[in-house]
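See below for the structure under consideration.
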Amino acid sequence: MKKLQTGLFALLIAALLFQSCSLVPLTGRRQLSLVSDADMLSTSFVQYGQFMKENKLSTNTAQTNMVKQVGRRIQNAVTTYFAKNNMSQDLNGFAWEFNLIENKEVNAWCMPGGKVVVYSGILPVTQNETGLAVVMGHEIAHAVAKHSNERMSQALVTQLGGQVLAEALQQKPQQTQQIWMSLFGVGVQLGAVLPYNRLQESEADHLGLIFMAMAGYDPNASIEFWQRMSQNAGTKPPEFLSTHPTDENRIQKIKSEIPEAMKYYKK
Ligand SMILES: [Zn+2]
């Protein structure tokens with residue numbers, strides 16, 4: 001009887017998990033998704049608005065224009081790619097924005113719904129427009145693959161006992177905001193940062209290469225970018241490396257995916 005009960009319980013959990021899973025656009029991987037797209041987007045737009053109020057836009061016009069130009073080109077590539085694959089509905093509610101802020105930290109992120117922020121501190125590592133396209137393509141790939149939804153779901157389960165997002169925001173606004181910011185390496189202690197996992201990194205690399213190639217940037221540049229970023233690690237690893245942990249296998253995997261991306265590359 002006890003065995004039967006345990007079996008039934010396991011079955012119930014499996015059914016629940018299956019129900020609260022969704023498919024990653026493009027790769028078809030099943031992901032944990034306890035948060036609705038609508039909740040993710042509204043939270044994102046509020047947190048992003050708050051962040052922009054508290055931070056200073058760069059006054060460097062040339063660099064700001066470069067960020068906006070790379071962003072728009074990748075946005076067009078993503079929109080085209082999703083339309084061709086009959087997945088335009090996955091971009092519903094996106095309100096793209098590309099901003100460069102004045103901040104020495106080495107970081108960049110794309111919050112759900114296409115809110116991209118590049119920190120001026122990452123520009124010495126990206127070096128040029130193509131290097132910037134590596135970072136922005138990668139970040140946008142995380143957003144369109146809905147990785148933050150998956151990470152938020154995991155954080156809600158482990159840190160707030162499976163509370164739903166809307167409820168958590170009402171009852172524990174500070175903790176919820178902290179979890180949110182730790183997804184992007186924003187203003188939290190390094191130990192509190194929630195890194196992307198290996199699978200998510202690998203998906204973002206793969207899709208990012210395709211998007212940058214479609215936008216007219218040579219995907220080969222990604223290898224040198226990740227090498228430069230790893231050399232940057234030092235004693236205090238940059239925020240970007242904390243949220244995007246890397247290892248030697250990664251660069252090998254990227255190398256093996258470049259021929260596929262080159263099929264999309266048009267100068
Ligand atoms: Zn990443």
Can you name every residue in segment 187-214 that is away from the ligand (no atom under 15 Å from the Cβ) and open to solvent by 10 Å² or more (accessible area, probe 1.4 Å)? Gly187, Val188, Gln189, Leu190, Gly191, Ala192, Met214
Examine segment 250-261 for a residue that is open to solvent by less than 70 Å² (accessible area, probe 1.4 Å), under 19 Å from Tyr119 (Cα atoms) and within 14 Å of the ligand (Cβ to nearest atom), and state whether such a residue exists. no
Kindly provide the set of residues from segment 215-234 that are away from the ligand (no atom under 16 Å from the Cβ), at pLDDT below 95 and of a type in the set (Gly, Ala, Ser), ordered by number. Gly234
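Show me the strands (runs of 3 or more DSSP E) found entirely inside segment 84-139 where at least 1 residues are more than 16 Å from the ligand (Cβ to nearest atom), open to solvent by 20 Å² or more (accessible area, probe 1.4 Å) and in contact (Cβ under 8 Å) with a residue 12 or more places away in the chain.
97-101
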Is it true that Asp247 is away from the ligand (no atom under 14 Å from the Cβ) and in contact with a helix residue (DSSP H, G or I) (Cβ under 9 Å, 6 or more places away or on another chain)? no
Picking from Lys267, Lys172, the residue that is farther than 29 Å from Arg72 by Cβ and surrounded by fewer than 21 Cβ atoms within 10 Å (Cβ to Cβ) would be Lys172
It is to be established whether one or more residues within segment 150-164 are within 15 Å of the ligand (Cβ to nearest atom) and under 20 Å from Arg29 (Cα atoms). yes
Could you list, in sequence order, all residues of segment 27-66 that are over 22 Å from Gln200 (Cβ atoms) and in contact with a Ser or Thr (Cβ under 8 Å, 6 or more places away or on another chain)? Leu57, Ser58, Asn60, Gln63, Thr64
On the given criteria, is Trp180 modelled with pLDDT of 90 or more, more than 12 Å from the ligand (Cβ to nearest atom) and open to solvent by less than 20 Å² (accessible area, probe 1.4 Å)? yes
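The values are calculated or read from the model by the stated rules, or taken from the named source; none is laboratory data. Everything numeric in this text was worked out from a predicted model, so none of it was measured. Counting neighbours? That spans all protein chains shown, and the Cβs are built from the backbone with ideal geometry, glycine included. Remember, those area values only see protein heavy atoms, side chains included, never the ligands or the DNA or RNA. Shrake-Rupley method; radii C 1.70, N 1.55, O 1.52, S 1.80 Å.
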